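Below is one structure, written out as structure tokens; the observations come after it.
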Amino acid sequence: KNTTVPNIDGSIHNTEEADEEDVVDLAANSLLNKLIRQSLVESSHRVEVLQKDPSSPLYSVKTFEELRLKEELLKGIYAMGFNRPSKIQEMALPMMLAHPPQNLIAQSQSGTGKTAAFVLAMLSRVNTLELFPQCLCLAPTYELALQTGRVVERMGKFCVDVQVMYAIRGNRIPRGTDVTKQIIIGTPGTVLDWCFKRKLIDLTKIRVFVLDEADVMIDTQGFSDQSIRIQRALPSECQMLLFSATFEDSVWQFAERIIPDPNVIKLRKEELTLNNIRQYYVLCENRKDKYQALCNVYGGVTIGQAIIFCQTRRNAKWLTVEMMQDGHQVSLLSGELTVDQRASIIQRFRDGKEKVLITTNVCARGIDVKQVTIVVNFDLPVNQAEEPDYETYLHRIGRTGRFGKKGLAFNMIEVDKLPLLMKIQDHFNSSIKQLDPEDMDEIE
Ligand code: ADP
């Protein structure tokens, strides 16, 4: 009964709560991110580069023209609406397109242009006259493989002789088929099967090997070993590229095992800050009382849109029903929904179809809805030890310093939870003011 389930943010919750509390899997989250992404994610940091040969000149590009790409590929890039390389692409593309090919490990948060970069590298290295697999990309799930394939298809729209094939579960290829597609995207298990058992892919002919979402990959049982078995069979001149949104030690160790002599590129994530957030708390007796306080807050400030966080699915559902009965337009985002359903709820919310989004920890991170003006912690985020979960607090409420607008945050607190709130205040060294819910004039 006391087994633990690690949460997306590394926090641990016991199973009793886990029945109700949403535990997000990394691959689902990554897919959601892709589905709801609208544009490049910016970063004010500098790209850090570690060259395998520090004495060789370091090139960066400010335009796609400088890369001397095939005409039809350049056309595809512009047709996607890209004007210039993203920050990470400025450094990564010259390395990826260099002769002789160079290996690369690149880390930057999702949305910074990694996929577009390696898709471009694969497309540019395909020899269209040769009808066999030349580029191989490993992805952690079927859905993520499809997403990458879509990018290949869009960017390669004018490269009419380049074709993609998916090595994924359920894509049955008749025995004896000659695979003529040049780009293969698949999950490690199926790719392994296609290479060694069914002999559909000749790994010795692969020129570009991409391992995408390495952090998600190593999170899945068996995928590291399968990826390494595939990599071992590649020719030594094959270009090897690895991408990851995060870089814990485990990812790093895996990356170094699988990519020989790499260049390394890193772009640090924009830090979240509470500096431009005005934080308040309201002392409450119980859940009903919290709800009343919420209504007062909601009625008291002119609100664009609000996100309300609950700790459990049950609480989130309860709150949704209460608010609906009171005539509010709200939507509920929680873990029992499929990724597609989540994406559509987030999209509707972004489009302003609902003013309030009630959610559990599933979307504590990552959804970036610019017009959200208030965030409410209907429950404080706590970990298994009933200590404050600082990380989650920051991710719910924080904004990036440079790009974020000012925001308002409200914490609905039962009296016995007050010490937790004080710890949060101390931890972040930022003030959380008490608010009398009857008197909203206190909000500056
Ligand atoms: P990542 O793989 O790091 O998550 P993507 O390559 O998927 O990032 O890019 C994130 C978003 O930005 C996508 O919508 C993609 O089409 C877009 N994008 C990528 N590169 C550029 C660029 N150079 N200019 C404009 N948009 C870009």
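The values are calculated or read from the model by the stated rules, or taken from the named source; none is laboratory data. Quantities reported herein were computed from a predicted structural model and do not represent experimental measurements. Glycine gets a Cβ as well: all are built from the backbone with ideal geometry, and neighbour counts include every protein chain shown.
Does ASN103 meet the test of being within 15 Å of the ligand (Cβ to nearest atom), of a type in the set (S, T, N, Q) and closer than 23 Å to SER250 by Cβ?
On the way: within 15 Å of the ligand (Cβ to nearest atom): no; of a type in the set (S, T, N, Q): yes; closer than 23 Å to SER250 by Cβ: yes.
Considered against the rule, which asks whether it is within 15 Å of the ligand (Cβ to nearest atom), of a type in the set (S, T, N, Q) and closer than 23 Å to SER250 by Cβ, ASN103 comes out as no.
Go through the residues of segment 170-186 one by one and say whether even a single one is hydrophobic (A, V, I, L, M, F, W, C) and free of Cβ contacts under 8 Å to residues at least 40 places away in the same chain.
Checked against the condition, which is being hydrophobic (A, V, I, L, M, F, W, C) and free of Cβ contacts under 8 Å to residues at least 40 places away in the same chain, segment 170-186 yields at least one hit.
Please verify whether LEU203 is of a type in the set (A, V, I, L, M, F, W, C) and either farther than 26 Å from SER110 by Cβ or surrounded by fewer than 18 Cβ atoms within 10 Å (Cβ to Cβ) (or both), treating the condition exactly as stated.
Numbers: of a type in the set (A, V, I, L, M, F, W, C): yes; either farther than 26 Å from SER110 by Cβ or surrounded by fewer than 18 Cβ atoms within 10 Å (Cβ to Cβ) (or both): yes.
Yes.
Condition check ((1) within 19 Å of GLY113 (Cβ to Cβ); (2) at pLDDT 80 or above; (3) not hydroxyl-bearing (Ser, Thr, Tyr)) across all residues:
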residue: ASN2; (1), (2), (3): no, no, yes
residue: ALA28; (1), (2), (3): no, yes, yes
residue: LEU67; (1), (2), (3): yes, yes, yes
residue: LEU74; (1), (2), (3): yes, yes, yes
residue: ALA79; (1), (2), (3): yes, yes, yes
residue: ILE88; (1), (2), (3): yes, yes, yes
residue: PRO94; (1), (2), (3): yes, yes, yes
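State all residues of segment 188-233 that are within 26 Å of GLN102 (Cα to Cα), of a type outside the set (D, E, K, R) and free of Cβ contacts under 8 Å to residues at least 60 places away in the same chain; if no residue qualifies, say none. Reasoning before the result, please.
Restricting attention to segment 188-233, the residues satisfying the condition of being within 26 Å of GLN102 (Cα to Cα) are 188, 191-192, 195, 201-218, 223-233.
Of the ones still in play, those that are also of a type outside the set (D, E, K, R) are 188, 191-192, 195, 201, 203-204, 206, 208-211, 214, 216-218, 223-224, 226-228, 230-231, 233.
PRO188, VAL191, LEU192, CYS195, THR204, ALA214, ILE218, SER224, GLN226, ILE228, GLN231, ALA233 - these are the residues of segment 188-233 that are within 26 Å of GLN102 (Cα to Cα), of a type outside the set (D, E, K, R) and free of Cβ contacts under 8 Å to residues at least 60 places away in the same chain.
Being loosely packed, with under 14 Cβ neighbours inside 10 Å and more than 13 Å from the ligand (Cβ to nearest atom) is the filter here; which residues of segment 22-44 pass it?
Residue satisfying the conditions is SER44 alone.
Can you go through MET91, MET80, MET155 and tell me which one is closer than 21 Å to LEU40 by Cβ, of a type outside the set (Gly, Ala, Ser), surrounded by fewer than 17 Cβ atoms within 10 Å (Cβ to Cβ) and within 13 Å of the ligand (Cβ to nearest atom)?
Working: MET91 fails: surrounded by fewer than 17 Cβ atoms within 10 Å (Cβ to Cβ); MET155 fails: surrounded by fewer than 17 Cβ atoms within 10 Å (Cβ to Cβ).
Going through MET91, MET80, MET155 in turn, just one is closer than 21 Å to LEU40 by Cβ, of a type outside the set (Gly, Ala, Ser), surrounded by fewer than 17 Cβ atoms within 10 Å (Cβ to Cβ) and within 13 Å of the ligand (Cβ to nearest atom): MET80.
Could you check how many residues of segment 328-341 are surrounded by 15 or more Cβ atoms within 10 Å (Cβ to Cβ) and at pLDDT 90 or above?
We begin by selecting, within segment 328-341, every residue surrounded by 15 or more Cβ atoms within 10 Å (Cβ to Cβ); these are 328, 330-335, 337, 339.
With the extra rule that they be at pLDDT 90 or above, the set shrinks to 330-333.
Result for segment 328-341: 4.
Do the conditions hold for THR115, that is, is it more than 12 Å from the ligand (Cβ to nearest atom) and crowded, with 19+ Cβ neighbours inside 10 Å? Give the steps one after another, and end with the answer.
Values: more than 12 Å from the ligand (Cβ to nearest atom): no; crowded, with 19+ Cβ neighbours inside 10 Å: yes.
When the stated conditions are applied, THR115 does not pass them.
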